[in-house]
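Nothing in this text is a laboratory measurement; each read-out follows from the coordinates by a stated rule. Just so it is clear, the model here is predicted, and its values are computed rather than measured. Neighbour counts are summed over all protein chains in view; Cβ atoms, including those assigned to glycine, are modelled from backbone coordinates with ideal geometry.
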Amino acid sequence: MRFARPVLISFLAIGSISPAHAQSLPGGFVYLRDIDPGIIQDIRYATSNNFVGRPLAGYGAGECVVKREVGLRLKAVQQELAAQNLSLKMFDCYRPARASLDMVRWSQNGHETAAERRYNPKIPKTELFRLGYIASRSQHSTGAALDLTLVDLKVDNSAKYDPSKSYADCTAPVEARAPEGSVDMGTSYDCTDAKGHTAAPSINPEQRARRKRLVAAMARQGFVNYSKEWWHFSLPGAGGAAYDFPIQPRTR
């Protein structure tokens, strides 16, 4: 999710967390792998496979970092899904505040590539901030907001994103979009389009059923979906101040 309500930010300097002490996370944060290593992770903002086309500021590793309570509830969701041969896949978890500012700078940089338009097929990037799709502050920075999807463990999920290929935009049929190794929810992750709204009428019955299954599984553990993004969930009461510590590699 790019948009969220403004929150109080607790800024921690980059130099305050060295690689030697990367496991000492502040504010009750944990690495999700330490809670449930079986949950699949594809932290897109630590890669070039995202709407900006490069890793965002503060993403020094592709690790899902969350508040401990959030992680424990995700583990419970995963246990329920495992009985159905499904898994969660995390796209984004804690987001350093500097990454949100990086998004704002990107939206105002004065140029737009075809790869960027895959995520924003109908809205110019210069309009994303005004329309609320990008904000300078995000609930992700509190550790209580998540972007995720479902993976069907019974099928071949080996197809990988190829940056040299020209993929169709995020609203196209799944076979034309960039592969995400997950079930077809009707759009790609981070798709700025009405089709990405959770209850969008333009998706087919199978896609709608998958979205409902994800929302229901998350709701049973107290997570609330953001209606304009089928992939975004938050846990009310688990947030608080936002943080700006960088995501470092997990070392154990």
| Gaussian network model of the chain, Cα within-10 Å springs - most flexible of 32, 148, 101 | 101
| For the range 186-191, in order, what is each residue's ³J(HN,Hα) by Karplus, 6.51 cos²θ - 1.76 cosθ + 1.60 with θ = phi - 60°, in whole Hz (x at glycine and Pro)? | x, 9, 6, 4, 6, 7
| note | Rounded to one decimal in nm, the spacing of the 7 Å Cα→Cβ label points at residue 166 and residue 213 is 3.5 nm
| remark: Yeah, the range 36-187 with a ≥ b ≥ c from its alpha-carbon gyration tensor (a/c under 1.5 is rounded, else prolate when a/b outruns b/c, oblate otherwise) is oblate
| remark: Protection proxy (average C-beta count within 10 Å per residue), highest first, orders 75-84, 225-234 as 225-234, 75-84
| query | Once amide H atoms are built 1.01 Å from N in the peptide plane, which residues 5 or more positions from residue 40, or in another chain, come under 5 Å H to H? | reply | 88, 90
| field | Sites matching trypsin sites (Lys or Arg not before Pro) across the range 103-165 that sit in DSSP coil, with at most 12 neighbouring C-beta atoms within 10 Å | value | 122, 130, 154, 160, 165
| said: Just to confirm the filter: which chymotrypsin sites (Phe, Trp or Tyr not before Pro) across the range 37-91 are DSSP coil and have at most 10 other Cβ within 10 angstrom of their Cβ? | reply: none
| said: So if each residue of separation counts as 0.36 nm, and I subtract the Cα-Cα distance between residue 227 and residue 130, what length gain in nm does that give? | reply: 33.0 nm
| said: For residue 89, give me every one of the lysines with a C-alpha distance below 22 angstrom, ignoring sequence neighbours fewer than eight places off in its own chain. | reply: 67, 75, 154, 160, 195, 212, 228
| request: Based on alpha-carbon positions alone, could you give the equivalent ellipsoid semi-axes of the range 39-85 from the gyration tensor, as √(5λ), descending, whole Å? | output: 26, 14, 7
| note | Amide H neighbours of residue 134 at under 5 Å, excluding residues fewer than 5 places away on the same chain, with H built from the backbone geometry, are 129
| remark: Between the alpha carbon centres of the range 33-51 and the range 75-127 the gap in Å comes to 11 Å
| task | Enumerate by residue number the GluC sites (Glu not before Pro) in the range 115-223 meeting two conditions: DSSP loop (anything except H, G, I, E, B), and at most 15 other Cβ atoms within 10 Å of the site's Cβ. | result | 175
| remark: The relative contact order of the chain, taking Cα pairs under 8 Å that sit 6 or more residues apart, comes to a percentage of 29 percent
